[in-house]
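The values are calculated or read from the model by the stated rules, or taken from the named source; none is laboratory data. Note that this is a predicted model, so its numbers are computed, not measured. So basically every Cβ, Gly included, is an ideal-geometry build from the backbone, and we count neighbours across all protein chains shown.
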Amino acid sequence: MAIKQVNVANGTFVINAADTYVIGDVSDGLVGTWAIHLVNDNSLSASITVKGRSRAIGQGASTPAFVAIPYLPLHLNGSVGTYGTGSSAALTTTSYILVPATGGQIALDCTSFTSGSATVYCTPLVGAAA
């Protein structure tokens, strides 16, 4: 399992292996939330956990490890979510979530990968964390 720094300049990347996909460091201080839309477009069979860690840690560093963090599930694993309640449930299929990101590096940790792929669309949102 590798830590991969993904390029979200174009707003998308593909999850297709059991790796930790680092979305980024919101170091400019303006981004408070990531809007993340995971689209299971190629029969993804995996479990994806939303994780974070301090942005003071170098982006290529393997330690300290990313830890699971809550997010707001707008659409979770194919069903309507609950905006006002945080969740840490694993993503297993199409989901649309808001991840509080102030001061942190955010990652999607893909485990239990068997096959397939999913496209991830990321949008940084300016302002206070969701």
Considering each of Tyr83, Tyr71, Tyr96 in turn, give the residue that is among the hydroxyl-bearing types (Ser, Thr, Tyr), modelled with pLDDT of 95 or more and farther than 21 Å from Asn16 by Cα.
Tyr71
Out of Ala89, Ala129, I need the residue that is assigned to a loop (DSSP other than H, G, I, E, B), closer than 25 Å to Asp41 by Cα and not polar (S, T, N, Q). Which one?
Ala89
Report yes if Leu38 is at pLDDT below 85 and either surrounded by 12 or more Cβ atoms within 10 Å (Cβ to Cβ) or at negative phi (or both), otherwise no.
no
Among the residues that make up region 52-62, is at least one of them under 21 Å from Gly127 (Cβ atoms) and surrounded by 14 or more Cβ atoms within 10 Å (Cβ to Cβ)?
yes
Which numbered condition Thr102 misses (of (1) at pLDDT 90 or above; (2) of a type in the set (Val, Ile, Thr); (3) in a loop (DSSP other than H, G, I, E, B))
(1)
Please find, within region 41-68, the residue that is modelled with the lowest pLDDT out of those that are within 12 Å of Gln105 (Cβ to Cβ) and polar (S, T, N, Q).
Gln59
Identify, please: which residue in region 98-130 is out of contact with any Lys or Arg (no Cβ under 9 Å at 6 or more places or on another chain), among the β-branched types (Val, Ile, Thr) and under 13 Å from Gly52 (Cβ atoms) and is, among those, surrounded by the most Cβ atoms within 10 Å (Cβ to Cβ)?
Val99
Would you check if there is a residue in region 62-75 being part of a strand (DSSP E or B), among the polar types (S, T, N, Q) and on the phi < 0 side of the Ramachandran plot?
no
If we scan region 52-61, do we find a residue that is without any contact (Cβ under 8 Å) to a residue 60 or more places away in the chain, assigned to a loop (DSSP other than H, G, I, E, B) and closer than 17 Å to Phe113 by Cβ?
no
Working only within region 1-24, note down all residues that are crowded, with 16+ Cβ neighbours inside 10 Å and of a type in the set (Ser, Thr, Tyr).
Thr20, Tyr21
Subset of region 118-130 (residues that are at pLDDT 95 or above and farther than 16 Å from Pro73 by Cα):
Ala118, Thr119
Of all residues in region 76-86, which are among the polar types (S, T, N, Q), surrounded by fewer than 12 Cβ atoms within 10 Å (Cβ to Cβ) and either outside any loop (DSSP other than H, G, I, E, B) or at positive phi (or both)?
Ser79
